[in-house]
1. Is there a quick way to get the dipole size of the range 259-390? I mean about its Cα centre, with the Cβ of Lys and Arg at +1 and of Asp and Glu at -1; what is the value in debye to the nearest 20?
2. Hey, in the GNM for the chain with a 10 angstrom Cα cutoff, which one of Asn244, Asn379, Asn95 fluctuates hardest?
3. With +1 assigned to the C-beta of every Lys and Arg and -1 to the C-beta of every Asp and Glu, and no other charges, what is the dipole magnitude of the range 91-197 about the Cα centre in debye, to the nearest 20?
4. Compute, for the range 169-270, the length of the dipole vector about the Cα centre, with Cβ point charges of +1 (Lys, Arg) and -1 (Asp, Glu) only. Units Debye, rounded to 20.
5. Give me the percent of accessible area attributable to carbon and sulfur for the range 1-129, probe 1.4 angstrom.
6. Students often get this wrong, so try it: which of (i) 34, 24, 21; (ii) 47, 24, 18; (iii) 63, 39, 23 is semi-axes √(5λ) of the Cα gyration tensor in Å as calculated from the structure shown?
7. When ligands, DNA and RNA are left out and all protein chains stay put, how many square angstrom of accessible area per residue does the chain have with a 1.4 Å probe?
8. Using the alpha-carbon centroid of each, what span in Å lies between the range 78-129 and the range 206-273?
Amino acid sequence: MQFLLSGGNVYVNGQFKKLDILVSNCVIIEMAPSITIPKNFNGRIIQCGCFFITPGFADLHVHLREPGFTHKATIKSETMSAAAGGYTTVCAMPNLKPVPDTLDNLKVQLDIIERDSVVRTIAYGSITMGQQGEELSDMQALAPFVCGFSDDGRGVQDEEKTREAMLKAKELGLPIVAHCEVNSLLKGGYIHDGEYARLHNMKGICSESEWKMIERDLNLVRQTGCRYHICHISAKESVELLRNAIKEGLSVSGETAPHYMALSDMDLIDEGRFKMNPPIRSEEDKAALIEGFRDGTISALATDHAPHSAEEKSKGLKDSLFGIVGLETAFTVVNTELVKTGKITLETLIDRISIWPRKFLNLDTEIKVGQKAEFTVINPDIEVKVKSKDFVSSGKATPFEDYEGFGRIEYTFYNGGIVWEQNTQKR
């Protein structure tokens with residue numbers, strides 16, 4: 001198949017340039033301000049005059065639910081959702097059944113990925129056996145097949161066990177990707193311990209439950225030299241800890257999700273679609289996250305995409321399960337809340353949603369001749385309204401139901417061809 005993408009704004013070396021892209025037999029064979037259509041061209045011309053073309057988005061933090069929880073979603077359904085959201089790479093968290101804590105258990109997941117994944121899917125290995133926080137997983141055997149180690153969904157409570165994991169991860173040249181949560185500080189909370197919780201007599205989760213573990217882990221990073229990445233940062237204290245650690249020269253990084261920068265706890269409604277862990281926090285936390293995202297302290301946009309069944313999310317804030325979906329709304333929300341308001345540039349958003357995560361994963365960060373076509377085509381100016389019924393994801397729980405904003409994924413190219421097309425909703 002041949003494609004000529006004509007007149008697009010192509011992301012090259014950190015800025016957008018007007019270029020045509022010619023793809024033949026899955027490979028980019030020419031990029032130039034104006035390409036003459038070859039005489040033997042029998043493919044498709046896509047007019048991209050108002051579109052922006054970027055390296056494929058990459059999400060370091062998604063839950064695909066398979067193996068073990070296919071009543072919620074599958075690898076096929078959620079990687080299709082990823083393609084619809086502009087993602088060509090997703091990293092799958094290990095809270096699965098079986099937990100990928102040995103090579104045999106990981107192989108169950110990898111076989112399904114090989115068979116069903118629509119985009120590049122990279123697995124995490126668990127830090128501990130069964131994610132129980134007690135015995136280390138078979139990190140040595142897992143290392144060649146994973147992008148890092150995480151017990152996401154729960155924090156490793158034992159400090160000495162965390163130190164041991166960091167030393168092993170450093171030896172293996174892979175990062176620890178940490179869910180930071182002190183269990184003893186949770187006290188049955190299920191939303192942010194803030195104004196909304198007090199007004200509605202609900203149990204809150206304090207910010208200290210997050211930043212205290214980050215503080216502990218950063219001390220361990222100083223001792224071990226481990227590469228360390230903080231999952232789903234939600235609190236202003238966490239941002240400051242990370243900022244100072246980066247200034248200190250530690251090998252650390254962090255991510256946040258769109259909902260933490262678009263919403264605060266006073267936006268909550270007593271519905272399961274507003275329940276996630278960590279919770280949406282205060283206006284002060286939101287402002288600190290935006291500033292950290294703007295100045296590069298927070299270097300990655302991740303979704304923590306976590307589909308559940310409709311029943312599991314139908315029980316209000318108190319009794320619904322933690323987790324929302326986000327792959328198909330991420331670009332729209334951040335483009336609307338941060339780019340269109342002048343808080344960041346579109347180039348900064350592309351860096352956080354594509355370039356930096358791709359660097360983290362040692363993937364190509366440039367669109368160039370000789371590569372298989374792998375890029376995302378976006379229209380950042382088109383008005384959209386979020387409707388969960390239109391999601392490709394099996395999960396429909398989103399705090400952005402009926403959200404009106406700007407920005408849509410027009411095409412997602414992966415492995416040389418189109419895996420998502422807005423006009424025909426080709427899946």
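The values are calculated or read from the model by the stated rules, or taken from the named source; none is laboratory data. The model shown is predicted, which means the values in this text are computed figures rather than measured ones. For neighbour counting, all protein chains shown are included, and Cβ atoms are generated from backbone atoms with ideal geometry for every residue, glycine included. We work out accessible area using only protein heavy atoms, side chains counted, and drop any ligands, DNA or RNA first. Shrake-Rupley method; radii C 1.70, N 1.55, O 1.52, S 1.80 Å.
1. 260
2. Asn244
3. 260
4. With Lys and Arg at +1 and Asp and Glu at -1, about 340 debye.
5. Exposed carbon and sulfur together represent 53 percent of the surface.
6. Among (i) 34, 24, 21; (ii) 47, 24, 18; (iii) 63, 39, 23, the one calculated here is (i).
7. I get 39 Å² per residue for this part.
8. 24
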